Amino acid sequence: MPRTGDTRDGARAPAREAEFRRFVLATAVSVLGTYAAAIALAVRTYQDTGNPAWVSAVFAAEFLPPVAIGVLLADRLNRFQPRRALVASDLVNAAVFAIVATIHTPAAVVALATVAGAASGIFRPISLAVVPAVAGEDRIDEANGTLAAVDTAMTAIGQAGAGAAVAIVGAGIVLGANAASFAVSAALLASCRSLAARVPATGARTPLRRLRRSARTIRRNLPLRQVAVAWMPVLAAMGIVNSIEVPLLLGPLAAGAALTGLTIAAASAGQTFGSLLASRLGDWLGRHYALVLTIVGVTVLASGASPTVGLVILLFIVGGIANGLAVVYNRSTVQRSTTPEERAGILALLMSVGGVMTALGAAVGGAIASAASSRAAFAVAGAIVLVSAVAARLTATDQEVAVPVDTLSPRAGRIRR
């Protein structure tokens, strides 16, 4: 006969499943609109000004606020009531893009993009932090796999379809549709009761003390340290790859525009599949995280040396699958290794550092490609990932020796996902 607690869990399961579906739908709608609007806004800004500097300014306005929030205000995010913060962020973005759709003054667009970037900087880490509450602690891997797959797929669709949408209906309509997508996302999130609970507030601290506290938590928590030590350099390598893949395909490989788009889409397809596959691999992924990173590194190295586009497509698919596995592992590890009181802040800090590493990687990639070649840039990126795989293996060994599998504390941690 089931215990009372089991009965409650069983009664709660259908409602939780319905909430998770709404959460996934909110993510899909929001991500699709966001990436379509990013392309539309870049196209319209260049058409309005004819100046690439304004396009760069818009991208910087969207990118820099989340970095600043993660570094300066990460710990404060833990004090926000999740549903209220997520819905408010979505509504702010809806209002911003509704206005952006109707104005063309570059300075005003940059200012509004800064507001949208700040709202996204609050939304993103909190939305990842609440996954255990929405999906249930026993379904973290499956939930992260589904969300990562939806994120990757909607990003690819949004980017691929944005150009055609702008050509057919105009950038203003695409931006207005993005505003509507945020409103839909806000309505869906407002209906998720599991997001309504407030986590216990932490004491007031200065930004520097909050940053030190989060950094100390990462340093002392072995699973978090593995993510920081191994994955942050990988993001720098991915910055190199993302910035140089088009020059590699159009230059040495002479792929042409169509094959270039297909090759990049192959990587997204592989990552989507890898994200969905992650929940089925269970403990294997935790034990072989270094192997997964090794596969990523080898595929990057081989892509840079490949003589044909067909081989690059195959390598991008394999590397994308491994990348999808690693992303889900990282998310699940951070969620399992942190308490609700600190989770959003830790995620915000890691995401900020990751964003900086990706941007630095893109800058380094451009410099290497200009000074040497795009193949040399890929070689450097692959080498970085392989070194990170070694670091992942070393930190995994430390965890296996230092603590039992079922330990979870600020100074210890478990290697299982």
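Please treat every number below as a calculation from the coordinates, not as lab data. The model shown is predicted, which means the values in this text are computed figures rather than measured ones. A quick note on method: Cβ atoms are made from the backbone with ideal geometry, for glycine too, and the neighbour counts reach across all protein chains shown.
Descriptive notes on the structure:
- Relative contact order of the chain, defined on C-alpha pairs under 8 angstrom at six or more residues apart (%): 25
- Inter-label distance for Gln47 and Leu311, nm, one decimal - labels placed 7 Å from Cα along Cα-to-Cβ: 4.2
- Rounded if a/c under 1.5, otherwise prolate or oblate - the chain, Cα gyration tensor axes: oblate
- Computed extension length for Thr102-Ser370: 92.6 nm, one decimal, from 0.36 nm per residue of separation with the Cα-Cα distance subtracted.
- Relative to the Cα centre, the charge distribution of the chain, modelled as +1 at Lys and Arg Cβ and -1 at Asp and Glu Cβ, gives a dipole magnitude of about 1320 debye.
- Segment Glu17-Ala383, extension gain: residue separation times 0.36 nm, minus the distance between their alpha carbons: 127.6 nm
- Relative contact order %, segment 43-130, counting alpha carbon pairs below 8 Å whose residues are six or more apart: 46
- Sorted by Cβ neighbour density within 10 Å, fewest at the top, the residues Glu19, Glu142: Glu142, Glu19
- With neighbour counts taken as other beta-carbon atoms within 10 Å, the residues His288, His104 rank, fewest first, as His104, His288.
- Legend: helices of the chain (whole DSSP H runs) are marked when their alpha-carbon atoms reach 15 angstrom or more along the helix axis and their mean Kyte-Doolittle hydropathy is at least 1.6; marked are 171-190, 232-250, 289-305.
- Listed residues Leu325, Leu301, Leu262, most fluctuating in the chain (Gaussian network, C-alpha, under 10 Å): Leu262
- Note on the chain: dipole from Cβ charges, positive end direction compared against Ala187, Asn144, Leu350; the farthest Cα belongs to Leu350.
- Max mean-square fluctuation residue, GNM over the chain, Cα-Cα springs under 10 Å, options Ala391, Ala367, Ala236: Ala367
- By the helix-only formula, in which each DSSP H run with n ≥ 4 contributes -39500 (n - 2.57) and the sum is divided by residues, the chain has a 222 nm mean residue ellipticity of -28000 deg cm²/dmol.
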